[in-house]
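Each remark here refers to the structure printed beneath this line.
Throughout, read-outs are computed from the coordinates displayed, never taken from laboratory work. Keep in mind that this is a model prediction, so the values were computed, not measured. Counting neighbours? That spans all protein chains shown, and the Cβs are built from the backbone with ideal geometry, glycine included.
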Amino acid sequence: MSILDCAIVGGGPAGLTAGLYTTRGGLENVVMFEKGMPGGQITNSSEIENYPGVVGEITGMDLMMPWPAQCSKFGLVHEMVNVTRVSKSGDVFTIHKEDGTTSDAHSVIIGTGSSPRRAGFSGEEEFFGKGVSTCATCDGFFYKGKDVAVIGGGDTALEEALYLSKICKKVYLVHRRDTFRSAPNTVERLKNSENIELVLNSVPDEVYGDNMGVTGLRVKNKEGETRNIEVPGVFTFVGNDVNNQTLIQEDGTFLCDMNEQGQVIVDISMKTSVPGLFATGDMRIAAPKQVVSAAGDGAVAALQAISYVDELLN
Ligand code: FAD
Ligand code: NAP
């Protein structure tokens with residue numbers, strides 16, 4: 001089997017943009033390995049209002065819908081598979097896949113993004129998928145006309161609380177401090193919402209229920225006082241962990257240099273410490289964690305990959 005000019009691992013905004021720029025920029029043989037439908041984590045968002053040129057309310061799913069078709073027009077191939085490892089021997093990278101097959105490539109652009117973190121309270125795992133969720137767009141409808149709790153104080157928690165407030169009777173927003181990380185206009189909208197109750201300086205202690213699912217959430221405030229909030233749904237938005245597992249080698253070391261948080265160290269050209277390997281989007285150091293910046297990284301990495309492959313083969 002021939003060696004790919006470029007293997008792209010991950011099909012979020014970073015991977016898809018890398019796919020667009022590599023194929024349109026002249027690389028002939030480019031495959032994007034994405035384990036699910038392309039689009040990335042923004043497809044779980046109910047609303048995005050800061051992608052340049054897109055005015056008005058749009059869901060993440062609608063924003064990402066045209067991206068794969070634009071890429072395939074220029075020749076990008078999508079292989080739907082979970083990549084287990086990326087390794088390098090000499091000048092050749094190998095993509096190891098869950099189905100047992102491998103693909104070789106001259107260059108790799110990785111953009112496997114990040115995944116929702118668990119908050120770590122009692123009952124969270126037991127009731128995950130049975131009342132505890134990390135996706136309001138996916139599960140919010142189950143709580144139409146009912147009360148729910150949202151945990152977190154960042155952009156995601158506040159935006160998703162606002163989204164849920166339009167479907168649900170009441171939303172309890174539980175946050176461990178009394179100030180928020182979120183953008184000021186989002187905080188303003190939250191405070192003006194009539195059916196969102198702020199439960200501040202409080203952490204989730206336990207989610208409880210029965211064999212039908214969640215029936216409530218116990219929270220504890222700074223004074224150690226507890227309060228039971230009777231809700232059938234609890235949404236947690238407490239940050240994300242970088243998906244760096246594919247860079248772990250058989251001996252347990254990473255393929256390239258990483259920082260203490262497990263983010264890939266890159267320079268401003270998205271070059272990693274390994275020639276021909278580029279890292280993009282949420283998984284790289286100092287990522288702004290935005291769709292527009294992930295897409296920008298993908299474009300930068302693609303242009304670098306084109307030059308790298310050109311020099312390697314000519
Ligand atoms: P991701 O979008 O995480 O995509 C990574 C892709 O890699 C995924 O499709 C995944 O399936 C795939 N993948 C992972 N591991 C493997 C593997 N081993 N094999 C194959 N495929 C793999 N940003 C904004 O700019 N504006 C917003 O309003 C906004 N709202 C948000 C709301 C929510 C609820 C969330 C969760 C995020 C939001 N963000 C927003 C942030 C934005 O979604 C991310 O910054 C952006 O998606 C990062 O893109 P990425 O391509 O780096 O990674
Ligand atoms: P985040 O900014 O890391 O916020 C996580 C929130 O959860 C924080 O408020 C944190 O509290 C709280 N938290 C963390 N661990 C907790 C625990 N164990 N128990 C209870 N609370 C806990 O995560 P995010 O909101 O998902 O955002 C991630 C990135 O994506 C950010 O850079 C964000 O700006 C970006 N994003 C942007 C948009 C947008 O542009 N509109 C939308 C969504 C996300 P503390 O505040 O006390 O630390």
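The simple spin-label model puts a point 7 Å past each Cα toward its Cβ; for ASP104 and LYS73 those points are separated by 3.5 nm.
The dipole here belongs to the stretch 14-124: it is taken about the Cα centre, uses +1 on the Cβ of Lys and Arg and -1 on the Cβ of Asp and Glu, and is about 260 debye. Set Lys and Arg Cβ to +1 and Asp and Glu Cβ to -1, take the dipole of the stretch 160-314 about its Cα centre, and tell me which of PHE278, GLN261, ILE248 lies farthest positive. Result: GLN261. Backbone geometry of the stretch 196-211 corresponds, through the Karplus equation with coefficients 6.51, -1.76 and 1.60 at θ = phi - 60°, to 3J(HN,Hα) couplings of 10, 9, 7, 10, 9, 6, 9, 10, x, 9, 7, 9, 10, x, 9, 6 Hz, x marking Gly and Pro. Between the listed residues ASN228, SER202, GLY145, the Cα displaced farthest toward the positive end of the dipole of the stretch 132-236, a dipole computed from Cβ unit charges relative to the Cα centre, is found at GLY145. By how many degrees, 0 to 90 and rounded to 10, does the Cα axis of helix 13-24 deviate from the longest principal axis of the chain? Compared with the principal axis, the helix lies near 20 degrees. Amide H to amide H distances under 5 Å link ILE8 with VAL31, MET32, PHE33, ILE109, where only residues 5 or more positions off or on other chains count and H is placed in the peptide plane. Can you give me the relative contact order of the chain as a percent, contacts being Cα pairs under 8 Å and 6 or more apart? Reported relative contact order: 22 percent.
Counting other beta carbons within 10 Å of each Cβ, put ILE265, ILE95 in order, fewest first.
On the way: ILE265 16, ILE95 24.
So the ranking, lowest neighbour count to highest, is ILE265, ILE95.
Summing charges over all other residues whose Cβ lies under 14 Å from the Cβ of ILE3, with Lys and Arg as +1 and Asp and Glu as -1, gives -3. Within the shell defined by Cβ-Cβ distances under 11 Å, the residues around ILE265 carry a net charge of -1, with Lys and Arg each +1 and Asp and Glu each -1. Between the stretch 135-204 and the stretch 222-244, what's the alpha-carbon centroid distance in Å? Using only Cα atoms, the two centres lie 11 Å from each other.
Going from the fewest other Cβ atoms within 10 Å to the most, the residues HIS96, HIS175, HIS106 appear in the order HIS96, HIS106, HIS175. Summarised as an ellipsoid, the stretch 1-112 has semi-axes of 28, 15, 10 Å, derived from the eigenvalues of the Cα gyration tensor scaled by 5 and square-rooted, with the largest first. Full extension of the chain segment joining GLU223 with SER122 gains 34.4 nm, where the gain is 0.36 nm per residue of separation less the Cα-Cα distance. A full extension of the chain between ILE248 and LYS169 corresponds to an added length of 23.9 nm, given 0.36 nm per residue minus the alpha carbon distance. Exposure proxy shown here: for CYS168, CYS138, the number of other Cβ atoms within 10 Å sets the order, fewest to most, as CYS138, CYS168. Neighbours of HIS96, meaning other residues whose beta-carbon lies under 14 angstrom from its beta-carbon, give a summed charge of -1 when Lys and Arg score +1 and Asp and Glu score -1. Figure legend: label point modelled 7 angstrom from the Cα of ASP91 along Cα→Cβ; residues of the stretch 279-306 with amide N under 18 Å from it are 304-306.
Just checking the listed ones, ILE42, ILE109, ILE248: in the Gaussian network model of the chain with Cα springs under 10 Å, the one fluctuating most is ILE248. Rounded to the nearest whole Hz, the Karplus-based 3J(HN,Hα) values (6.51 cos²θ - 1.76 cosθ + 1.60, θ = phi - 60°) of the stretch 150-159 follow the sequence 10, 10, x, x, x, 4, 5, 4, 5, 5, with x at glycine and proline.
Diagonalise the Cα gyration tensor of the stretch 109-153 and give the resulting equivalent ellipsoid semi-axes, square root of 5 times each eigenvalue, largest first, whole Å. List each step's numbers first, then the result.
Details: eigenvalues 105, 46, 21 Å².
They are 23, 15, 10 Å, listed from largest to smallest.
Full extension of the chain between THR215 and VAL187 yields a length gain of 7.3 nm, computed as 0.36 nm times the residue separation minus the alpha carbon distance.
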